[in-house]
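Presented below is the structure to which this report refers.
The values are calculated or read from the model by the stated rules, or taken from the named source; none is laboratory data. Bear in mind that the values here come from a model prediction, so they are computed numbers and not experimental data. Reconstructed Cβ throughout: ideal geometry from the backbone, glycine too, with neighbour counts over all protein chains shown. Just so you know, the surface numbers come from the protein's heavy atoms only, side chains and all, with ligands and any DNA or RNA stripped out. Shrake-Rupley method; radii C 1.70, N 1.55, O 1.52, S 1.80 Å.
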Amino acid sequence: MRWLVTGSAGMLGTDMVALLRERGEDVTAADRASLDITDPVAAHAAVAGHDVVVNAAAWTAVDDAETHEVDATAINGDGPRALATAARAHGARVVQISTDYVFDGTATTPYDESTDVAPVSAYGRGKAAGERAVRETHPDGSLVVRTAWLYGAHGTCFPRTIARVAAERGGVEVVTDQVGQPTWTVDVAAVVHALVTADAPAGTYHATSSGQCSWFEFAQAVVVAAGLESSVVAPTTSDAFVRPAPRPAYSVLGHAALDLVGVPPIADWTSRWAVAAPTVLGPPAG
Ligand SMILES: NC(=O)c1ccc[n+]([C@@H]2O[C@H](COP(=O)([O-])OP(=O)(O)OC[C@H]3O[C@@H](n4cnc5c(N)ncnc54)[C@H](OP(=O)(O)O)[C@@H]3O)[C@@H](O)[C@H]2O)c1
């Protein structure tokens, strides 16, 4: 199978390309300089000769999207449409990576894949537009794979930031009132590979770790992995830490669709963090 990975220099894109190569797949890695996904002509040319397109390219600056919604939606909504159009024309499947931000975060039980989207931020609206675009454009050949609370070795992410700040300042405040599923980019890449190789039906799938925790609990696990005491993390609340884009309070996604197609959901976040931490945080200082 011939794979095209867009946004290949991003945090997920880098691990997506690496995992596919490790598994012996034929992969074209397209970073932003080699393919701007908002250019339909370039997308058409780039998709030619591939069987699967994984769109890991996105505008991911969640707060900046509030003041640049048109620009963010051009990448997160129109980009996926251009890729899905090209994929359909060339008989390829398209995997659109999406996010928990398509939901409003007011649920109290895990979001099903079929729950109606209700984004409350500009970023969430753009990502929801991307989901709609691939479903409308390529209904039989599109997989929407939502993930959340992503961390990896090749980008700025919560654990790397927390470990650095806690070490530099000796303490860090983290919110207790947002709950989700910390998820390793390598695990998302493995789910995408498994879905495609299983020839999973077009539809929506959730690739997040199992279990759940607050950012505060995740931060405690991070600092312990970094060799610090968990007490360096102090609790705070979202009210004391207001940011331009509202954060969903509850971002736990259910995995029923994966179960139905026989792809095992990602294991509990605690066990996956234990495996990922040395790679994501790098070797301990000193
Ligand atoms: N990070 C998270 O916590 C999280 C959570 C849920 C879902 N997701 C989703 O996961 C996917 C991957 O996210 P990530 O964390 O890996 O993001 P990332 O590290 O910011 O990577 C995104 C990549 O897309 C590239 N890009 C931006 N605009 C582009 C364009 N017009 N054409 C081609 N490439 C473009 C970026 O290039 P430049 O850097 O040069 O702009 C960057 O390399 C995204 O769909 C995101 O919405 C992320």
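Descriptive notes on the structure:
- For V145, the stated conditions hold: it is within 11 Å of the ligand (Cβ to nearest atom), part of a strand (DSSP E or B) and under 16 Å from the mean Cα position of the chain (by Cα).
- Here V174 fulfils each of the conditions (1) within 11 Å of the ligand (Cβ to nearest atom); (2) touching a residue at least 60 places away in the same chain (Cβ under 8 Å); (3) in a strand (DSSP E or B) apart from (1).
- Total residues in region 177-190, condition open to solvent by 10 Å² or more (accessible area, probe 1.4 Å) and assigned to a helix (DSSP H, G or I): 3
- Restricting attention to region 1-39 and to residues that are part of a strand (DSSP E or B) and within 14 Å of the ligand (Cβ to nearest atom), the residue that is surrounded by the fewest Cβ atoms within 10 Å (Cβ to Cβ) turns out to be T28.
- Any chance D116 is free of Cβ contacts under 8 Å to residues at least 60 places away in the same chain and either touching a strand residue (DSSP E or B) at 6+ places or on another chain (Cβ under 7 Å) or under 22 Å from P80 (Cβ atoms) (or both): yes
- Residue in region 261-279 that is more than 17 Å from the chain's Cα centre (by Cα), of a type in the set (G, A, S) and within 29 Å of D116 (Cβ to Cβ) present: yes
- Those helices (runs of 4 or more DSSP H) lying entirely in region 191-286 with at least 2 residues of a type in the set (S, T, N, Q): 269-281
- Qualifying residue in region 82-98 (condition: within 9 Å of the ligand (Cβ to nearest atom) and touching a Phe, Trp or Tyr at 6+ places or on another chain (Cβ under 7 Å)): no
- For region 222-268, the set of residues classified as open to solvent by less than 30 Å² (accessible area, probe 1.4 Å) and of a type in the set (G, A, S) consists of A245, S251, G254, A257, listed by residue number.
- Pairs, first at positive phi in region 201-228, second open to solvent by 30 Å² or more (accessible area, probe 1.4 Å), C-beta under 7 Å, six or more apart: G211/D268; G211/T270; G227/P284
- Condition met for A107 (away from the ligand (no atom under 12 Å from the Cβ), modelled with pLDDT of 95 or more and crowded, with 23+ Cβ neighbours inside 10 Å): no
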